[in-house]
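Novice: I have a structure I would like to understand better, so I am pasting it below and will then ask my questions one at a time.
The values are calculated or read from the model by the stated rules, or taken from the named source; none is laboratory data. Model, not experiment: these values are computed from the prediction. All Cβ positions, glycine included, derive from the backbone under ideal geometry; neighbour counts span all protein chains shown.
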Amino acid sequence: MTLIITFFIIVYADDILLLTSSITALQNIFHQCELELKYLDMAVNPTKEHCILIGPRCSANCANISTCEGRGISWICEVRYLGIFIICSRHFKCTLDNTKCSFYSAVNGILGKLLNIVSEDVILQIIASKCMSVVLYGLEACSLTKTDLWSLDFTVNRVLMKIFKTGDIQIVKECQEFFWFSIT
């Protein structure tokens with residue numbers, strides 16, 4: 001019986017993502033990548049080397065992958081790749097916690113300067129053009145659940161409640177329609 005090991009190498013600029021179906025294959029591919037980078041007079045960044053398990057054995061304890069110099073690469077529960085935060089899970093899953101936090105930071109920066117100075121319409125236009133991309137970035141790579149979608153909707157609605165000085169979601173929905181403000 002022949003065992004076929006599948007692997008993928010995804011490269012975007014200076015970010016490299018190695019995907020394999022086994023730890024042994026990951027170790028081998030990692031060493032090959034290190035050798036190729038060394039040939040190109042480049043090296044991996046030790047502060048950015050991480051491993052994460054996704055699949056039925058995501059909670060298994062695994063031996064660390066090691067570099068050519070023998071330095072261990074530890075297993076972590078959450079990894080950032082191109083701004084997307086992938087978490088250890090039985091299925092490919094992203095977390096939106098950092099996305100929501102970044103969105104709140106961007107919005108609060110705007111509201112701190114403009115909330116009582118300009119009209120709601122201007123604030124909404126600025127948020128739509130400068131902050132909504134923070135919420136929407138990379139969502140097509142994530143398999144979102146209804147809970148994830150509700151959470152993003154809640155995040156945006158909380159900001160609108162602050163802008164319109166209300167706790168009534170019906171008023172927020174009416175303001176969204178009136179100002180033609182949508183999260184998509």
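Novice: Considering only residues that are within 23 Å of L96 (Cα to Cα) and either surrounded by 14 or more Cβ atoms within 10 Å (Cβ to Cβ) or modelled with pLDDT under 90 (or both), which ones fall in the stretch 110-135? Working first, answer last.
Specialist: We begin by selecting, within the stretch 110-135, every residue within 23 Å of L96 (Cα to Cα); these are 110-111, 124, 126-135.
Listed by number, the residues that qualify are I110, L111, L124, I126, I127, A128, C131, M132, V134, V135.
Novice: If you go through the stretch 104-114 one residue at a time, do you hit one that is within 30 Å of R90 (Cβ to Cβ), of a type in the set (F, W, Y) and part of a helix (DSSP H, G or I)?
Specialist: For the stretch 104-114, residues within 30 Å of R90 (Cβ to Cβ), of a type in the set (F, W, Y) and part of a helix (DSSP H, G or I): present.
Novice: Of the conditions (1) over 28 Å from T145 (Cα atoms); (2) touching a residue at least 24 places away in the same chain (Cβ under 8 Å), I117 satisfies every one except a single condition; which number is it?
Specialist: (2)
Novice: Scan the stretch 31-52 for residues that are in a helix (DSSP H, G or I) and in contact with a Cys (Cβ under 9 Å, 6 or more places away or on another chain) and jot them down.
Specialist: H31, E34, L35, K38, listed by residue number.
Novice: Do we find that D153 is in the same structural domain as C175 (by TED's automatic domain parsing) and surrounded by fewer than 16 Cβ atoms within 10 Å (Cβ to Cβ) in this structure?
Specialist: Yes: the conditions hold for D153.
Novice: A follow-up question, please. If a residue has to be in contact (Cβ under 8 Å) with a residue 40 or more places away in the chain and in contact with a helix residue (DSSP H, G or I) (Cβ under 6 Å, 6 or more places away or on another chain) to count, how many in the stretch 22-68 make the cut?
Specialist: 1
Novice: Also, I was wondering about something else. Any idea which of K162, K100 is surrounded by 12 or more Cβ atoms within 10 Å (Cβ to Cβ), touching a helix residue (DSSP H, G or I) at 6+ places or on another chain (Cβ under 9 Å) and under 30 Å from V11 (Cβ atoms)?
Specialist: On the way: K162 fails: under 30 Å from V11 (Cβ atoms).
So the residue among K162, K100 that is surrounded by 12 or more Cβ atoms within 10 Å (Cβ to Cβ), touching a helix residue (DSSP H, G or I) at 6+ places or on another chain (Cβ under 9 Å) and under 30 Å from V11 (Cβ atoms) is K100.
Novice: Can you tell me which of A141, A106 is closer than 29 Å to R57 by Cα and either hydrophobic (A, V, I, L, M, F, W, C) or in contact with a Cys (Cβ under 7 Å, 6 or more places away or on another chain) (or both)?
Specialist: Being closer than 29 Å to R57 by Cα and either hydrophobic (A, V, I, L, M, F, W, C) or in contact with a Cys (Cβ under 7 Å, 6 or more places away or on another chain) (or both) holds for just one of A141, A106, which is A141.
Novice: Next up: Out of all the residues in the stretch 22-45, which are within 26 Å of the chain's Cα centre (by Cα), under 27 Å from H91 (Cα atoms) and surrounded by fewer than 13 Cβ atoms within 10 Å (Cβ to Cβ)?
Specialist: Within the stretch 22-45, S22 is the sole residue that qualifies.
Novice: Identify all residues within the stretch 56-103 that are modelled with pLDDT of 90 or more, part of a loop (DSSP other than H, G, I, E, B) and over 14 Å from the mean Cα position of the chain (by Cα); write none if there are none.
Specialist: Within the stretch 56-103, I76, R90, H91 meet the criteria.
Novice: In the stretch 139-146, is there at least one residue being over 16 Å from the mean Cα position of the chain (by Cα) and not assigned by TED's automatic domain parsing to the domain that holds I84?
Specialist: Start the filter on the stretch 139-146 by keeping residues that are over 16 Å from the mean Cα position of the chain (by Cα), which leaves 146.
Imposing the further condition that a residue be not assigned by TED's automatic domain parsing to the domain that holds I84 reduces the set to 146.
Checked the stretch 139-146: at least one residue is over 16 Å from the mean Cα position of the chain (by Cα) and not assigned by TED's automatic domain parsing to the domain that holds I84.
Novice: Looking at the structure I just gave you, is E140 under 20 Å from L96 (Cβ atoms) and of a type in the set (D, E)?
Specialist: It is true that E140 is under 20 Å from L96 (Cβ atoms) and of a type in the set (D, E).
Novice: Could you tell me whether the stretch 87-103 includes any residue that is under 22 Å from Q27 (Cβ atoms), touching a Leu at 6+ places or on another chain (Cβ under 9 Å) and either hydrophobic (A, V, I, L, M, F, W, C) or touching a residue at least 40 places away in the same chain (Cβ under 8 Å) (or both)?
Specialist: Yes; the residues of the stretch 87-103 include at least one that is under 22 Å from Q27 (Cβ atoms), touching a Leu at 6+ places or on another chain (Cβ under 9 Å) and either hydrophobic (A, V, I, L, M, F, W, C) or touching a residue at least 40 places away in the same chain (Cβ under 8 Å) (or both).
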